[in-house]
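Undergrad: Pasting in a structure now, in structure tokens, and then I'll have a few things to ask.
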Amino acid sequence: MASSGANAYIQGVQAATGVAVGTVTLIDPLANLESVPDRQADDIDAQEGAFRAAVVAVQAELGASSERLTGALPNDVRELFDVYIMLLGSDVLVADTLERIRAGNWAPGAWRKTVARHARDFDRMEDPYLRARGEDIRELGTRVLMQLQPGPEDPRSYPERCVLVGDAVSIQDIASVPAGRLVGVVSHQGSAFSHTAVLANALGIPAVASLSSLPLDLVDGATMVVDGDAARIYPNPSQPLLDALEVRRSQQETLRAQFVAQRELPAQTVDGVRLPLHANIGLDADIGLARDSGAEGVGLFRTEYQFLLRDDFPVEDEQHQSYRRLLNVFTPLPVTIRTLDVGGDKILPYCPQKEDNPFLGMRGIRFSLARPELFVIQLRALLRANAGLGNLQVLFPMVARVSELDEALELLARAHRELTEEGQATATPKTGLMIEVPSAVFLTGVLAARVDFLSIGTNDLAQYMLAADRTNARVTTPNDTLHPAVLNAIAMTIRDAHAQSTPVSVCGEMAGDPAGALVLLGMGIDALSMNPASFGRVKRVIRAFTSEQARALADEALAQEDERQVRRLLDDALEGAGLREPWSPGH
């Protein structure tokens, strides 16, 4: 535990903002997948039947939970439960388990191996959004195992102000708490990208995940403060702390009211410079959230999720339906769909690659170009989805050479020719590429001349420029995207692209950071794409400055020698404008 004055706290990771005080209710570990042994099945048919029945029971349980939340959540958030139901019905999880049962393992052991295999695939991924999908699979694993191991269950009672605490907290756990009683969520595991975090945000419930320690035996029934803003929990808080929280709660209500009031207003500077805010999404369940947040389009749709949780490549019609649904929801607003971005830590289970250094190997556009027939299937699906709508923008990832872009564009043209010859409806999209590696920065001029737009992936750009694995806390800092070298690379990209009249956006985490958004505005960025939860804070900052003020700050930031100096500069500017939130860490 760390200390904050007289109050000891435990540091975690922010999953949902806000602050609340309540009584701890522990989630009992009723099913532990890791402890399930392998066991020879006496009756394979009986084990198969038990497994199928367990899957159906969990699907029914999830459907009932979704219905219970009718009225409390918008339909798009309730669709999170549909995602879980869909995952349970997917061929890959069910078929893998049935194969293991038929090979002689009993149902719990077969299910444990299936869950472990697929969750591990996601755990290895660098992208935090995709890594969080491993949490989804484990949550489903626990639910099915509970059905496979039935036993007496005491009726659960919940206090009037309930803080759910557990090693992991699922969306089903949240849905089980009677309406109006849940005030906070705390978990030892989890992340800001989990569906639990999405649900907590939608319900307005603060949540803290990935805690450094969680003394469960000490906090059952205790009073606890859940500080989602600072990502901390305070067991047994003092009265002065509780009093301070009341003040903060009032301030936050005022801020939330400002965000709501600005929802329909453009992200526009005091002197009239408009900066469109787009959404980063990756699942169908994200679509409604992005649309209802006021997004002016989709700046990044990750297509890899529909490829990763399968045993083979999705067919063209399946991809087409997914893309068409997304384009329809946002038409006529632009939707940027990134072509398959795997390799590195995102390994397709049906297309394994053994490489000594996978992060510098066959990833992104290299992977797709090495498999042109499969790449053309995705490109055909995209072109068909765009027919009659015309709001598609195709984005090529990890381009490092001009020849890679030329080859990708030629395959797109080939897909268009094929569809035209077949008499299928199609529409040519705008094309762009991601600036994520240093070579692309220095080739911006020639690359920009070949496409309609560029999108800077600041997470990977910082990683490759600083030679620092962004998942390794020993060599990275939260301010790496503000490193002067990274900022100068971004500025160079914008300058050289604009010389070709090619617009540039940023779709990395820097776009959703108010300080990062401010310096990008000053550099002349054309659009920002982020998690929709960041829209309110970013829009508030943009509307508080003139473009000249932002440009002066950007010039000063580019002249700094250290990312900490840049962060101080920008934080001081926010504080001077009255926009630095007093509860933010380090304030």
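Undergrad: Of the residues that make up the range 398-405, is at least one open to solvent by less than 30 Å² (accessible area, probe 1.4 Å), under 20 Å from Tyr129 (Cα atoms) and touching a residue at least 60 places away in the same chain (Cβ under 8 Å)?
TA: yes
Undergrad: Also: Quick check on Thr254: is it over 30 Å from Leu87 (Cα atoms) and β-branched (Val, Ile, Thr)?
TA: yes
Undergrad: Let me ask you something else. Exactly one of these conditions fails for Asp341: (1) charged (D, E, K, R); (2) assigned to a loop (DSSP other than H, G, I, E, B); (3) open to solvent by 30 Å² or more (accessible area, probe 1.4 Å); (4) touching a residue at least 40 places away in the same chain (Cβ under 8 Å). Give me its number.
TA: Tallying (1) charged (D, E, K, R); (2) assigned to a loop (DSSP other than H, G, I, E, B); (3) open to solvent by 30 Å² or more (accessible area, probe 1.4 Å); (4) touching a residue at least 40 places away in the same chain (Cβ under 8 Å), Asp341 fails exactly one: (3).
Undergrad: Confirm whether Ile494 is open to solvent by less than 60 Å² (accessible area, probe 1.4 Å), part of a loop (DSSP other than H, G, I, E, B) and either touching a strand residue (DSSP E or B) at 6+ places or on another chain (Cβ under 7 Å) or on the phi > 0 side of the Ramachandran plot (or both).
TA: The answer is no for Ile494.
Undergrad: Does Gly134 qualify as being modelled with pLDDT of 75 or more and more than 29 Å from Asn236 (Cβ to Cβ)?
TA: It is true that Gly134 is modelled with pLDDT of 75 or more and more than 29 Å from Asn236 (Cβ to Cβ).
Undergrad: Can you tell me which condition Val475 does not meet? The list is (1) at pLDDT 95 or above; (2) farther than 14 Å from Ser455 by Cβ, and all the others hold.
TA: Condition not satisfied by Val475: (1).
Undergrad: Look through Ala279, Ala295 and report the one residue that is assigned to a loop (DSSP other than H, G, I, E, B), crowded, with 18+ Cβ neighbours inside 10 Å and in contact (Cβ under 8 Å) with a residue 60 or more places away in the chain.
TA: So the residue among Ala279, Ala295 that is assigned to a loop (DSSP other than H, G, I, E, B), crowded, with 18+ Cβ neighbours inside 10 Å and in contact (Cβ under 8 Å) with a residue 60 or more places away in the chain is Ala295.
Undergrad: Please pick out the residue among Arg131, Arg102, Arg124, Arg138 that is touching a Ser or Thr at 6+ places or on another chain (Cβ under 8 Å), open to solvent by 50 Å² or more (accessible area, probe 1.4 Å) and basic (Lys, Arg).
TA: Arg131
Undergrad: From (1) assigned to a helix (DSSP H, G or I); (2) out of contact with any Gly (no Cβ under 9 Å at 6 or more places or on another chain); (3) closer than 19 Å to Asn280 by Cβ; (4) not hydroxyl-bearing (Ser, Thr, Tyr), pick out the condition that doesn't hold for Ile525.
TA: Single failed check for Ile525: (1).
Undergrad: Might you let me know whether the range 244-263 holds any residue that is open to solvent by 10 Å² or more (accessible area, probe 1.4 Å), part of a loop (DSSP other than H, G, I, E, B) and in contact with a Leu (Cβ under 9 Å, 6 or more places away or on another chain)?
TA: Checked the range 244-263: no residue is open to solvent by 10 Å² or more (accessible area, probe 1.4 Å), part of a loop (DSSP other than H, G, I, E, B) and in contact with a Leu (Cβ under 9 Å, 6 or more places away or on another chain).
Undergrad: What residue, among those in the range 417-432 that are part of a strand (DSSP E or B) and touching a residue at least 40 places away in the same chain (Cβ under 8 Å), is most open to solvent (accessible area, probe 1.4 Å)?
TA: Lys430
Undergrad: Next question, about the same structure. Select from the range 467-491 the residues that are of a type in the set (S, T, N, Q) and not in a loop (DSSP other than H, G, I, E, B) and write down the one among them that is farthest from Leu569 (Cα to Cα).
TA: Filtering the range 467-491 for residues that are of a type in the set (S, T, N, Q) and not in a loop (DSSP other than H, G, I, E, B), the one farthest from Leu569 (Cα to Cα) comes out as Asn488.
Undergrad: Also, quick follow-up: Any chance you could count how many residues in the range 540-564 are in a helix (DSSP H, G or I), of a type outside the set (D, E, K, R) and surrounded by 18 or more Cβ atoms within 10 Å (Cβ to Cβ)?
TA: Residues in the range 540-564 being in a helix (DSSP H, G or I), of a type outside the set (D, E, K, R) and surrounded by 18 or more Cβ atoms within 10 Å (Cβ to Cβ): 8 in total.
Yes/no matrix, rows are residues, columns are (1) part of a helix (DSSP H, G or I); (2) free of Cβ contacts under 8 Å to residues at least 40 places away in the same chain; (3) surrounded by fewer than 14 Cβ atoms within 10 Å (Cβ to Cβ); (4) not aromatic (Phe, Trp, Tyr):
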residue	(1), (2), (3), (4)
Pro314	no, yes, no, yes
Gln319	yes, no, no, yes
Arg324	yes, no, no, yes
Pro332	no, no, yes, yes
Leu382	yes, no, no, yes
Gly388	no, yes, yes, yes
Val394	no, no, no, yes
Leu412	yes, yes, no, yes
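Undergrad: So, Phe359, is that one within 30 Å of Asp469 (Cβ to Cβ), assigned to a loop (DSSP other than H, G, I, E, B), among the hydrophobic types (A, V, I, L, M, F, W, C) and open to solvent by 20 Å² or more (accessible area, probe 1.4 Å) or not?
TA: The answer is no for Phe359.
Undergrad: Would you check if there is a residue in the range 447-454 being modelled with pLDDT under 95 and open to solvent by less than 20 Å² (accessible area, probe 1.4 Å)?
TA: no
Undergrad: Name the residues in the range 292-322 that are at pLDDT below 85 and either more than 19 Å from Phe375 (Cβ to Cβ) or of a type in the set (Gly, Ala, Ser) (or both), would you?
TA: Across the range 292-322, the qualifying residues are Asp292, Ser293, Leu309, Asp311.
The values are calculated or read from the model by the stated rules, or taken from the named source; none is laboratory data. Just so we're clear, the structure is a prediction, and the values are computed from it rather than from any experiment. Every residue, glycine among them, receives a Cβ derived from its backbone with ideal geometry; neighbour counts consider all protein chains shown. Areas reflect the complete protein model, heavy atoms only, side chains present, ligands, DNA and RNA absent. Shrake-Rupley method; radii C 1.70, N 1.55, O 1.52, S 1.80 Å.
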